[in-house]
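The values are calculated or read from the model by the stated rules, or taken from the named source; none is laboratory data. Remember, it's a predicted structure, so these values are computed and weren't measured experimentally. Because the Cβ atoms are built from the backbone with ideal geometry, glycine has one as well, and the counts that use them run over all protein chains shown.
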Amino acid sequence: MLKKGRILTTDGKIPRHVAILHCVGSRDKDTHGYCSRTCCMTALKYANMVKTALPETQVYDLYTDQRAFGKGCEEFYAMTSRKSIMFLAFDKEDKPVVKKAPPGDDCDMLVEMNEILSGEAIEVPADLVILMVGTEAHPDAKDISHYVGISMCGNDFFIEKHPKLDPVATTTEGVYIAGTCQGPKDIPDAISQARAAAARILAVISQGDVEVEVTTATVDEDLCCGCQFCINVCPYGAVSFDVEKGVSVVNEVLCKGCGTCGSTCPSGAIRSRHFTDRQILSQIEGLMAMEG
């Protein structure tokens, strides 16, 4: 910990050996398979901070891969590697193990690892171990996803409309995402994405009128049996139930024409505009006539 400008252990001692351990909870099939992206650069910053505050302290950087992806990051890694910081590589399938040092050792802990560059099993002394813990989605992400009607990936991050062409929009019109709710990213990327989302919102507001989806679902009241299955499956909350009529009603402003309600309806009462069976069959007949 950092106390009044000094780096101290929990016992209040100045650490003589500091070990920084990468990929704790990242790139691991038992926890999170993805890379948390910012950890490598943060580890280098910590290493420089320790060496600046405590020049006599030995710093060990235990890594699987050094991923210096951003602007100036590779140069920062090269600068750090020229300092008296020891970089030790391990296989992500063979993780280091932190143990308490035996009595009489000049350190509090020992980090046992198989160093792949030298091919030797070594013990790294440590008075302070810094864990580069992986980034994960917030626990309430699923609740937010349900409230606003947006999709999530298998790692519980929100999914953008298109990863390249529309990275800040979602499939729900008017809902935009920015920052680590979409996935692990550093501060500059999060700020850029936030500025892009704000620009998109201002562009919509400046129009005055907002275009809505024309391919929406419609309910045939004569066929609707009032089972309300469509209400339960609609990801956009666009379907409600009219108690007086005993039928489902579609809010065309909220509807995105995904077709989920129509495929669920047991009585076939819900159809998508411009995608009726008759229209689709006519398109098929037209294509077959062109081929002939």
* Asked: For the subset of the stretch 80-111 comprising residues that are more than 20 Å from Thr9 (Cβ to Cβ) and either over 31 Å from the mean Cα position of the chain (by Cα) or not assigned by TED's automatic domain parsing to the domain that holds His32 (or both), which member is surrounded by the most Cβ atoms within 10 Å (Cβ to Cβ)?
  -> Lys83
* Counting only residues that are within 26 Å of Gly33 (Cβ to Cβ) and of a type in the set (Asp, Glu), which one in the stretch 157-178 is surrounded by the fewest Cβ atoms within 10 Å (Cβ to Cβ)? -> Asp166
* How many residues are closer than 21 Å to Ser36 by Cβ and free of Cβ contacts under 8 Å to residues at least 40 places away in the same chain if we restrict to the stretch 117-143? -> 3
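Scan the stretch 107-127 for residues that are part of a loop (DSSP other than H, G, I, E, B) and acidic (Asp, Glu) and jot them down.
Within the stretch 107-127, the first condition is being part of a loop (DSSP other than H, G, I, E, B), and the residues that meet it are 107-108, 116-119, 127.
If the condition is that a residue be part of a loop (DSSP other than H, G, I, E, B) and acidic (Asp, Glu), then Asp108, Asp127 are the ones that fit.
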* Answer residue from the stretch 42-66, given it is surrounded by fewer than 19 Cβ atoms within 10 Å (Cβ to Cβ) and within 22 Å of the chain's Cα centre (by Cα) and is nearest to Gly183 (Cα to Cα) among those -> Thr42
* Please work out which one of (1) without any contact (Cβ under 8 Å) to a residue 12 or more places away in the chain; (2) outside any loop (DSSP other than H, G, I, E, B) is the condition Tyr77 fails and give its number. => (1)
* Structure fact -> Over the stretch 33-49, the set of residues among the small types (Gly, Ala, Ser), in contact (Cβ under 8 Å) with a residue 40 or more places away in the chain and assigned to a helix (DSSP H, G or I) is Ala43
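Please find, within the stretch 172-181, the residue that is modelled with the lowest pLDDT out of those that are closer than 30 Å to Gly70 by Cα and assigned to a loop (DSSP other than H, G, I, E, B).
This residue is Val175.
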* Structure fact -> Restricting attention to the stretch 264-292, the residues that are loosely packed, with under 11 Cβ neighbours inside 10 Å and in contact with a strand residue (DSSP E or B) (Cβ under 9 Å, 6 or more places away or on another chain) number exactly 1
* Are any residues in the stretch 151-171 within 14 Å of the chain's Cα centre (by Cα), hydrophobic (A, V, I, L, M, F, W, C) and part of a loop (DSSP other than H, G, I, E, B), and if so, which ones? -> Cys153, Phe157, Ile159, Val168
* To do: Output the strands (runs of 3 or more DSSP E) that fall wholly within the stretch 182-292 and possess 3 or more residues being of a type outside the set (S, T, N, Q) and without any contact (Cβ under 8 Å) to a residue 24 or more places away in the chain, or say none.
  => 239-242
* Scan the stretch 204-214 and give yes if some residue there is among the acidic types (Asp, Glu), at pLDDT below 90, more than 30 Å from Thr42 (Cβ to Cβ) and in contact with a Lys or Arg (Cβ under 9 Å, 6 or more places away or on another chain), otherwise no. => yes
* Structure fact -> Residue hits (the stretch 50-68; under 25 Å from Met109 (Cα atoms) and either part of a loop (DSSP other than H, G, I, E, B) or without any contact (Cβ under 8 Å) to a residue 24 or more places away in the chain (or both)) are Thr52, Leu54, Pro55, Glu56, Thr57, Thr64, Asp65, Gln66
